[in-house]
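These notes concern the structure reproduced below.
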Amino acid sequence: MGKKSDEDKSEYGDPAQHDPTFNGPIHNRSCTDVICCILFMAAIGGYLVVGIMAWLYGDPRHVLYPRNSTGMFCGLGLNKEKNSVFYFNIIKCATATNIMAAALNGLQCPTTQVCVKQCPTEFWVLSPAFYPRTADHFPKPQYCVPSLNLATSELTIKEIVERELCPFFTIPSSSVLGRCLPSVGSLGKIPGDFILPGMSSPNQTANAIRNATGDLFSGFNAEEVGVRIFEDFASSWPWILIGLLIAMLLSMMFLLLLRFTAAVIIWVLIVGVLAVIAYGIWHCYWEYDNFKTSALTYKEVGFTTNFSVYLQIKDTWLAFLIILSVVEVILLLLLIFLRKRILIAIALIKESSKAVSHMMSSLVYPLITFVLLVVCVAYWGVTALYLATSGDPMYRVVALNATEAECSSINGTQSCNPLNFNSSAYQRTCPSASCIFIKYNNEGLFQRNLFNLQIYNVLAFLWCVNFVIALGQCTLAGAFASYYWAFHKPSDIPMFPVSQSFMRCLRYHVGSLAFGALILTIIQFIRIVLEYLDHKFRAAQNGCARFVMCCLKCCFWCLEKFIKFLNRNAYIMVAIYGKNFCVSAKNAFLLLMRNIIRVVVLDKVTDLLLFFGKLLVVGGVGVLAFFFFSGRIRMPGDTFNAQQLNYYWVPIITVVVGTYLIASGFFSVYNMCVDTLFLCFLEDLERNDGSVEKPYYMSKNLMGILNKKNKVAPYPPPRLLFFRPCDNSEGLGRL
């Protein structure tokens, strides 16, 4: 960087001074950011209280199991064997929102629902010829409400249908999430005589049913696909685990081999980028030469969405040629003037690989972070589910036949209990009255604050997740810093450096880690709110509002990236010097600003290398999984047959996603090691000068790149041995 003037030093702070007692992460430290630590503990305590209250008041069965019209769960209790709910007139599900949504405020499908063992499998519609008959002649008694005794009932079939005690039609259906919904295949095979009342043709009937079931289930049978996917997992899980094990071994081997191949890989990548741009320049010149006789111009073409037309204009290729040439020249100049800093980045990357090889336990720590993150996500999901189902279900008297004018006075205004609801009391005023679930009770103090509690759930979740990530970064930073500041490596590296660093973080710096995590949490929550508002009011926004919203989202995205970068380096300073978050962030920022060019070069070189590493590991394992699970590679002895899989892409996607997560975990450790050693390297340059009193702690490779070396004493200082004089009373054994 060169020697800075006094003005520069005052702008970016004074360089670190030599401290003869400093040899790595200090041991004599005190608790930092105690107030934020107390706030974080209070937030965790409140989060636990919210979870307990949600568990007491919530009932996830409301979401996991469907209900019949009497409020009983299908698949539980008396309906244990009846795990699907059947809608008598599913067409009403499509019109419910438009007809009575305002009156009922959240009404579910306003038709009778019963629990059934099996969904209907055939087309059937009740013929008017059955109407004069009595109840015991009903053709489909298995779908009637359980409270109706067809053998003793004096009702006619017409009265039964009008009161929705039994359905008047069935359609071949499949159980999707516990609901009997018509499949697309059955809707395309409606017989010619299947016409519902009020419909003019089978096609009109099919369209009405299709609108009622919704587009969500119109392309597939979710349960059937889910069963087949489960079967694929059951038959291929051992080979999936083998694929993930191969991914772990490849990631570890790549990180360890970087110690010997980092320089080769990086220069190959740099030369490859230059070669690709050079080819682009040649190709643009070749295309320009082919179209140089063309008289086509931009004025003649104008504006068109067919961009291939612009490729027929010679000026387009000339513009590409100029742009690529400028980029190539800039990259070559940067390569020439920044070659020494690129060599420093390569040396630090190689040193990081060496540090990881001396601390193999650091590669295991991401598993701890992963487990803690899984706990946070699971707790958030369960709490959100219980909060969403808090409160007792509320039922209202609803007219199943909305055309009855006499029902308007009671429709949705009277409470009821489905277990003892007596429809005969409404026989004269509203014959089709039924007791239907409306919503969950929100009148209690806890229920009135459910929205606020859900917001608290999100904030606490983000804070916990960011704290777990911060704890992992600070722990690894302390371990790798102890490696760098060990003068004689590896003999001077302390025992169990990762465990020691982890205990230091938990004992002294929970407040500092929580402080940095809180800042990041606030920014992330603002981004979530902006995304919600943009999605909510997208249709009502004009061009100016969309532009402002886009700018806000972009600004907060950039701010989040900057805070993550600053927090990462602040945690390194916290792990080394044990100071509070604000002081550590300030010192890290000033140190990086004093070496901004080295920071940019190292960051880009490291990103390029880690991107190549992830691409190599994920791509290699993904290709291997594709050839294996698609049957192109066979194991000896036919231990696995790919033809048994229903969807061979299921294990392939699982292996690829798992490989990416594993590679990200290993490479995050490596990235943290590079950042930590880089800050220690910058501190080493400022603290020491290579003299006997101030020797460098960096490797000989780094000193060679910087043309520096440690001076040694002309001769080693004599080691004086002191003997105590003999005392006859103690004997020669005390000599």
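The values are calculated or read from the model by the stated rules, or taken from the named source; none is laboratory data. Just so it is clear, the model here is predicted, and its values are computed rather than measured. Here Cβ is always computed from backbone atoms with ideal geometry, including for glycine, and neighbour counts include all displayed protein chains. Protein only, heavy atoms only, side chains kept; ligands, DNA and RNA dropped before computing areas. Shrake-Rupley method; radii C 1.70, N 1.55, O 1.52, S 1.80 Å.
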Exercise. Would you confirm whether any residue within region 553-571 is crowded, with 19+ Cβ neighbours inside 10 Å and among the small types (Gly, Ala, Ser)?
Key: yes
Quiz item: Among the residues of region 311-368, which ones are without any contact (Cβ under 8 Å) to a residue 24 or more places away in the chain, polar (S, T, N, Q) and open to solvent by less than 50 Å² (accessible area, probe 1.4 Å)?
Solution: Thr316
Quiz item: Does Gly106 satisfy being at pLDDT below 70, in contact with a strand residue (DSSP E or B) (Cβ under 6 Å, 6 or more places away or on another chain) and not in a strand (DSSP E or B)?
Solution: yes
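Kindly indicate which of Leu311, Leu331 is modelled with pLDDT of 65 or more, within 39 Å of the chain's Cα centre (by Cα) and part of a helix (DSSP H, G or I).
Details: Leu311 fails: within 39 Å of the chain's Cα centre (by Cα).
So the residue among Leu311, Leu331 that is modelled with pLDDT of 65 or more, within 39 Å of the chain's Cα centre (by Cα) and part of a helix (DSSP H, G or I) is Leu331.
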Quiz item: Which pairs have Cβ atoms under 6 Å, sit 6 or more apart or on different chains, and link a residue in region 556-569 that is of a type in the set (Asp, Glu) to one that is modelled with pLDDT of 90 or more and surrounded by 15 or more Cβ atoms within 10 Å (Cβ to Cβ)?
Solution: Glu560/Ile523
Practice problem: Would you mind stating whether Lys579 is open to solvent by 70 Å² or more (accessible area, probe 1.4 Å) and under 25 Å from Leu256 (Cβ atoms)? | Solution: no
Practice problem: Check Arg504, Arg546 and return the single one that is open to solvent by less than 80 Å² (accessible area, probe 1.4 Å) and of a type in the set (Lys, Arg). | Solution: Arg504
Quiz item: What pairs can you find where one residue is in region 262-291 and over 28 Å from Val674 (Cα atoms), the other is surrounded by 12 or more Cβ atoms within 10 Å (Cβ to Cβ) and among the small types (Gly, Ala, Ser), and their Cβ atoms are less than 9 Å apart, with a gap of 6+ or different chains?
Solution: Ile277/Ser325; Ile281/Ser325; Cys284/Ala319; Cys284/Ser325
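Scan region 46-74 residue by residue and report those that are part of a loop (DSSP other than H, G, I, E, B) and either of a type in the set (S, T, N, Q) or under 20 Å from Thr111 (Cβ atoms) (or both). Break it down into steps so the answer makes sense when it comes.
Of all residues in region 46-74, those part of a loop (DSSP other than H, G, I, E, B) come to 58-60, 65-66, 68-72, 74.
Tyr65, Pro66, Asn68, Ser69, Thr70, Gly71, Met72, Cys74 - these are the residues of region 46-74 that are part of a loop (DSSP other than H, G, I, E, B) and either of a type in the set (S, T, N, Q) or under 20 Å from Thr111 (Cβ atoms) (or both).
From Val618, Val623, grab the single residue that is touching a Phe, Trp or Tyr at 6+ places or on another chain (Cβ under 6 Å), β-branched (Val, Ile, Thr) and either within 30 Å of Ile270 (Cβ to Cβ) or surrounded by 15 or more Cβ atoms within 10 Å (Cβ to Cβ) (or both). Can you show your working first?
Working: Val623 fails: touching a Phe, Trp or Tyr at 6+ places or on another chain (Cβ under 6 Å).
Selected residue: Val618, the only one of Val618, Val623 that is touching a Phe, Trp or Tyr at 6+ places or on another chain (Cβ under 6 Å), β-branched (Val, Ile, Thr) and either within 30 Å of Ile270 (Cβ to Cβ) or surrounded by 15 or more Cβ atoms within 10 Å (Cβ to Cβ) (or both).
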Quiz item: Is one or more of the residues making up region 138-160 modelled with pLDDT of 80 or more, at negative phi, among the basic types (Lys, Arg) and open to solvent by less than 30 Å² (accessible area, probe 1.4 Å)?
Solution: yes
Quiz prompt | Exclusive hit being at pLDDT 65 or above and either over 42 Å from the mean Cα position of the chain (by Cα) or open to solvent by 20 Å² or more (accessible area, probe 1.4 Å) (or both), set Ser415, Ser482, Ser408 | solution = Ser415
Quiz item: Among the residues of region 635-661, how many are open to solvent by 70 Å² or more (accessible area, probe 1.4 Å), at pLDDT 70 or above and farther than 25 Å from Leu255 by Cα?
Solution: 2
Exercise. Determine if region 5-19 includes at least one residue that is modelled with pLDDT under 75, outside any helix (DSSP H, G or I), at negative phi and open to solvent by less than 30 Å² (accessible area, probe 1.4 Å).
Key: yes
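Take Phe467 and decide whether it is modelled with pLDDT of 90 or more and under 24 Å from the mean Cα position of the chain (by Cα).
Details: modelled with pLDDT of 90 or more: yes; under 24 Å from the mean Cα position of the chain (by Cα): yes.
When the stated conditions are applied, Phe467 passes them.
Conditions (1) in contact with a Gly (Cβ under 7 Å, 6 or more places away or on another chain); (2) open to solvent by 100 Å² or more (accessible area, probe 1.4 Å); (3) at pLDDT below 50, marked per residue:
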residue	(1), (2), (3)
Glu683	no, no, no
Asn688	no, no, no
Glu693	no, yes, no
Met698	no, no, no
Ile705	no, no, no
Lys709	yes, yes, no
Val712	no, yes, no
Asn728	no, yes, yes
Leu732	no, yes, yes
